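The structure appears below as structure tokens.
The values are calculated or read from the model by the stated rules, or taken from the named source; none is laboratory data. Because the structure is predicted, anything quoted here is derived from the model rather than measured. Heads up, the Cβs are rebuilt from the backbone with ideal geometry, glycines too, and the neighbour counts pull from every protein chain shown. Surface accessibility is based on the protein's heavy atoms, side chains included, excluding ligands, DNA and RNA. Shrake-Rupley method; radii C 1.70, N 1.55, O 1.52, S 1.80 Å.
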Amino acid sequence: MRSYFIDELTAANVEAIKAWLDERGLKSAIEDLYHLPVPTELLTPEQREHAQCCGPHVLALETGPTWIRLELLVRGTGVMRCSCMTYATSEQERAMVERVLNLLAELDITT
């Protein structure tokens, strides 16, 4: 699995990140796993075409005791398997990693 991994965070940093994600309703049904929606303008043509049946399309952000990991696989939350589930394009990857880095900056967390 391709991912963007940030470690050496403090437990307090991770708790702050989780609180921020919880406040925005991004928690998944799995503990310590969150869904970050991919903006519509970044979806591939197939993902846009499948938005009604497969969407919303998200990247998973997993939290650990002193780390976070952004999976670089675009998943649809409406179905388990579909051809629209693919690794992030370079544009999607860049934007979503930037989103995570902006979240850290907003929370005043340095890495």
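Worth pointing out:
- Failed condition for Asn13, given (1) among the polar types (S, T, N, Q); (2) within 18 Å of Leu104 (Cα to Cα); (3) under 14 Å from the mean Cα position of the chain (by Cα): (3)
- Scan of the range 23-58 for residues that are open to solvent by less than 60 Å² (accessible area, probe 1.4 Å) and hydroxyl-bearing (Ser, Thr, Tyr), ordered by number: Ser28, Tyr34, Thr44
- Ala12 in a helix (DSSP H, G or I), over 22 Å from Glu98 (Cβ atoms) and modelled with pLDDT of 95 or more: yes
- Any hit, the range 22-31, residues being of a type outside the set (Gly, Ala, Ser) and either touching a residue at least 60 places away in the same chain (Cβ under 8 Å) or assigned to a helix (DSSP H, G or I) (or both): yes
- Flag for Met1 being exposed (fewer than 13 other Cβ atoms within 10 Å of the Cβ) and either over 12 Å from the mean Cα position of the chain (by Cα) or aromatic (Phe, Trp, Tyr) (or both): yes
- Residues that are in a loop (DSSP other than H, G, I, E, B) and of a type in the set (Gly, Ala, Ser) were ranked within the range 59-111; the one that is surrounded by the fewest Cβ atoms within 10 Å (Cβ to Cβ) is Ser83.
- Residues (exposed (fewer than 12 other Cβ atoms within 10 Å of the Cβ) and not hydroxyl-bearing (Ser, Thr, Tyr)) located in the range 4-22: Phe5, Asp7, Glu8, Ala11, Ala12, Ala19, Asp22
- Residue-level check: of (1) modelled with pLDDT under 95; (2) of a type in the set (Gly, Ala, Ser); (3) under 19 Å from Asp7 (Cα atoms), Gly64 misses just (1).
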